[in-house]
Every structure is written in structure tokens, then in C-alpha cells.
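Worksheet: the structure to be examined is printed underneath.
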Amino acid sequence: MVYFVIGIFWRCITIKPKKRALASQEDIKLVSKSECIKRYKSLYKLFKSFISKKRPIYLEDIEILKKDKKSYNTIKYSFKELVEEASAEWVNIGCVDTKKIVCDLCGSSNLKFNFKIKNQINNNEMIIGSSCIEKFPNINSGNLNMKEHKSRANKIYRSNYINEIYPNILDKINSWKNLYNSFPILLNEELNFRFTNLLKDSDIFYNDFVNGKIPQKNAHDFKNYINEFNLLKKEVNYFLDRKKDNIYICDRKIINWISQNIKDKEKLIDIIRKNDGLIDENTSRYIYSIDFIIRFQKNIEREFGKFNFYIESLNKENGIVISYKVSRNNIIKLSIKLSDFMKKFNFICFDSDKCISKEKIIAEFGFYIEYDNINNLIYEINSNLEDTKYYVEANGKYLRFIRNKKYEDKYNKHTEQYTEIDINKFFDIIKNELLNQNKNTRKIILNKIHKFKNWIHTDFIKNAMRNKN
């Protein structure tokens, strides 16, 4: 077993990452048969060799082209555009006979449909399958638009030109975007404004340059974006160092939580940005993320402990559960949803003039539905009903009050009746007196019982159970 685990581990650490192909066999064959390849003699020779090898071209395969900058830059930076240009030269003649034919692009012989395509410039023809024709959407059934064709060629030229000055320029812009999306905390308004503008403007500059909207002589203006990024990176790092340990900072977990749980997420995030990336008493009312609340667990324990309430649990599922000792050997647990807690008690997390009170805790917290806790509540109620004609049992999330009538009507053989009430509803009626250990608790319970209606004879239950069995 040990050797088996070691073997799996060794294979995992020795597996090489999958290489990303610059050009597939289908791409290579289509471009090789197209007229536009004539601009790239070295590239054409490379394509022919890889057609014979029947495999894609990877980055390391084009190192031999480095002396030919035009070909090298085209396949490394602009091959997608070259494929679009090549495929636009071809026209779909239509479906031909259905006999088994090998696809001229992928080499598959399992073709459901055979399409003949023709190059509108050099008259080359190929038979390809339906899967391959879908890979090249620029293959059409109309006439070649020479204006668009020349525009694509110029786009490739300008893309190569700016990549000679700034190698991997698109990768550089994308790395800035990835960095922005990976910041561990929320940037303040000023830094965020500059960074988002940098990403937007640099992207626009590249696309406008490649599409001919910016003069070629202005290609070096991209240096301004590089300088701005380098300056911003230093300022952002300084901001991160200053704020990363601040207990009120809006970090990545909370940013993600806001995105998933808040309807007006952009508005809330903007308000936090204006506050230097910090969550304040106002914005915290809407942030009931467990990752934020748990930062202040000691504050909550301290403030609630002043009134002998103790934290039992604090989690996403049950919210905050607290306990209170109501008698010598008995405790009652209360709970509140995290969202309600932050609306009512968020000031505990801040240096606030507001004060917590036992009355407010009792008012805002409800009964915690749990088997043992229900039994503890029943014990307290029955203790208060001692020497009366009433007692209470549990029935799921309901309390079943049972009344014995034998002293009221000795001739009535139906001596017991019952009625039910939701536990939370009944607890809300008696909780203030019960948790304050008030002498009026018994009176409050009896007053409520006397108002109950719809009492049912317990014999009806017994008969119904017999009939069911």
C-alpha cells in the first residue's frame, strides 16, 4: 500500500504540464493552401515539415525562425489573425457525394458530410468534413471582400510591429489584469480608479493600433502605460502593506461574499472603496459574512458575557448560538441569524457609544431548535406548571399542552385534552420572564394557556392510531 501511494505521488510530481499548441494540423494545412502564405517563405517551409510530421507546432518548434522576425512574430503573436485571413480566402462550394473520403484538413475518414471548399485567389480546392468547416467560420458562401482581406493582412503586420517593440504585449496587458484580480484586499477609490483606467486604456491602445486607428509612429506611446503600471505597482504594494492587518479591511473573501450575496454589490463596494477600503459601522450592517463576524468573536463574547450569556457556536449554518443558565442545573440556548445580528448588534464590532443590554439580547434572539434544548425548555415550563392540571410535551417543533379535566367533570370519561403551539411562538411570549427568572413566569404561562382554543380529546389520538395500525 505504501509503495502504491508513493508511486501515485511520484507520477503526480513528475507529470509534465500539457503544452499549448501555437498551430494545429488543421490550421497549418489551411494556411499552407492559402494565398496569404506566400508572404512568409520561411513559415511555409516550416508548415510543410510539420504537415509531414502530422503534429501541432509548439513554441519551442519556432526557435529556428528567430532570425526571420516577420515569420517568427507572425506565428507567435498573430497566427490567429493569419488563420482568419486564410479562411476568408475560401468559399464553401457545397456538400458533395457521401462516399467515404478522407478530410484534407484533419485526416479523418469518418465523415458524415463532405464539403468542397475553393480558394477564390489561387483556385486550390479541398474536401473537408462538417467538423472542420465549423472550425473556420470565415469560410463563407459569398464573394471574397478584398478590402477586408487587405485589412486583415495589415492587422497582422501592425501586430507584429508593436510586438517587436514590446514583446508579448497582449500577455503583458493580461498579466496586469490578472494582478488586479488577485489583490488580497480591496483597493481604495483613487488606486482602483487609476488601475482600472490603465487596464481599459492599454487595451484600447493595443486594439486601436492593430486596427490602424493609431499612427505607426506612435507605437512607442505604449511606454506610458508601462511607466504608469510600474508606479501603480509600488503605490499598491505600499497600500497593501499598510492595510493588510487592519481588522476592518475588506479582503478577497469578503469581496467574493459581497458579489454573491448583495443585490447592490457595486454600490456597497464603491462606498467601502471611498472609506479607504475599510468596512465601517454603516457598511457592516449589510455584511453578515462569517469571515468578517468571526474577527470580532472576542468582542461579542466579552459584551454578552457581561449579562451571563455565553457563546455556544458561531457559524454560517446556525448563526450565533448563546446559552443562559435559567436554573441550577438547566440552561436555555438562544440563536440569531448572522444577517439579523449585524443589523441589530454590529456596533459591538466598533468603538461605539451604543450599549448592549440584557433586554436587547432577549428581544432579538429566538429559541434555538435542538432536541436537548427543547427538553430543557419543557423542564422549565413543567416546573412552573407543577400542582396545576396542565403539563407539556414535545411534538417536533411544537409544544403539546395537555389538560386533565377529571377534577372539573368526574362524569366525563374523556378526561384529557391537548392543544399545540409553535415552540418559537410560545417562547417569545414567556422568554422575558423566564430568562429574568421572574416570579410572574408561572402566571404568564397560565394566562397564555387559558387563552388556548381548539382543545382536542386525547382519546381521539389513541383511536386514530389504532385505526392506522
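The values are calculated or read from the model by the stated rules, or taken from the named source; none is laboratory data. Source: prediction; values computed, not measured. Here the Cβ is made from the backbone with ideal geometry for all residues, glycine too, and neighbour counts use every protein chain on show.
Summary table below
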{"item": "Selection count where residues are in a loop (DSSP other than H, G, I, E, B) and within 25 Å of residue 190 (Cβ to Cβ), scope the stretch 268-300", "result": "7"}
{"item": "Residues located in the stretch 71-112, provided they are more than 20 Å from residue 134 (Cα to Cα) and buried (at least 17 other Cβ atoms within 10 Å of the Cβ)", "result": "71, 72, 73, 74, 75, 76, 77, 78"}
{"item": "Residue selected from the stretch 238-267 under the condition over 17 Å from the mean Cα position of the chain (by Cα) and surrounded by 15 or more Cβ atoms within 10 Å (Cβ to Cβ), by the criterion nearest to residue 347 (Cα to Cα)", "result": "248"}
{"item": "Scan of the stretch 379-392 for residues that are assigned to a helix (DSSP H, G or I) and either surrounded by fewer than 18 Cβ atoms within 10 Å (Cβ to Cβ) or of a type in the set (Lys, Arg) (or both), ordered by number", "result": "379, 382, 383"}
{"item": "Residue ID - modelled with the lowest pLDDT, chosen from residues in the stretch 113-124 that are buried (at least 17 other Cβ atoms within 10 Å of the Cβ) and hydrophobic (A, V, I, L, M, F, W, C)", "result": "115"}
{"item": "Candidates 229, 193, 183 - the one that is modelled with pLDDT of 95 or more, touching a helix residue (DSSP H, G or I) at 6+ places or on another chain (Cβ under 8 Å) and over 30 Å from residue 314 (Cα atoms)", "result": "229"}
{"item": "Residue 366 at positive phi and within 40 Å of the chain's Cα centre (by Cα)", "result": "no"}
{"item": "Residue match in the stretch 393-414 (condition: part of a helix (DSSP H, G or I) and either over 30 Å from residue 280 (Cα atoms) or not small (Gly, Ala, Ser) (or both))", "result": "no"}
{"item": "Residue list for the stretch 428-457, restricted to those being in a loop (DSSP other than H, G, I, E, B), in contact with a strand residue (DSSP E or B) (Cβ under 7 Å, 6 or more places away or on another chain) and within 17 Å of residue 331 (Cβ to Cβ)", "result": "437"}
{"item": "Subset of the stretch 419-433 that is farther than 16 Å from residue 391 by Cα and not acidic (Asp, Glu) - its residue that is surrounded by the fewest Cβ atoms within 10 Å (Cβ to Cβ)", "result": "425"}
{"item": "Subset of the stretch 125-135 [of a type in the set (A, V, I, L, M) and either surrounded by fewer than 17 Cβ atoms within 10 Å (Cβ to Cβ) or farther than 30 Å from residue 159 by Cβ (or both)]", "result": "127"}
{"item": "Which numbered condition residue 347 misses (of (1) under 36 Å from the mean Cα position of the chain (by Cα); (2) not in a helix (DSSP H, G or I))", "result": "(2)"}
{"item": "Options 397, 344, 443: the member that is surrounded by 16 or more Cβ atoms within 10 Å (Cβ to Cβ) and free of Cβ contacts under 8 Å to residues at least 60 places away in the same chain", "result": "344"}
{"item": "Among the candidates 51, 57, residue that is hydrophobic (A, V, I, L, M, F, W, C), surrounded by fewer than 19 Cβ atoms within 10 Å (Cβ to Cβ), at pLDDT 50 or above and assigned by TED's automatic domain parsing to the domain that holds residue 153", "result": "51"}
{"item": "Residue 231 vs. criteria among the aliphatic types (A, V, I, L, M) and loosely packed, with under 14 Cβ neighbours inside 10 Å", "result": "yes"}
{"item": "Matching residues, the stretch 389-418, being of a type in the set (S, T, N, Q) and modelled with pLDDT of 90 or more", "result": "395"}
{"item": "Candidate set: the stretch 196-211, residues that are touching a residue at least 12 places away in the same chain (Cβ under 8 Å) and among the β-branched types (Val, Ile, Thr); chosen: the one farthest from residue 175 (Cα to Cα)", "result": "210"}
{"item": "Complete set of residues in the stretch 152-203 that are among the aliphatic types (A, V, I, L, M) and within 20 Å of residue 230 (Cβ to Cβ)", "result": "162, 165, 169, 170, 173, 179, 187, 191, 198, 199"}
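Okay, residues lined up against (1) touching a Phe, Trp or Tyr at 6+ places or on another chain (Cβ under 9 Å); (2) under 21 Å from residue 223 (Cβ atoms):
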{"position": "113", "(1), (2)": "no, no"}
{"position": "119", "(1), (2)": "yes, no"}
{"position": "128", "(1), (2)": "yes, no"}
{"position": "159", "(1), (2)": "yes, yes"}
{"position": "182", "(1), (2)": "no, no"}
{"position": "189", "(1), (2)": "no, no"}
{"position": "201", "(1), (2)": "yes, yes"}
{"position": "206", "(1), (2)": "yes, yes"}
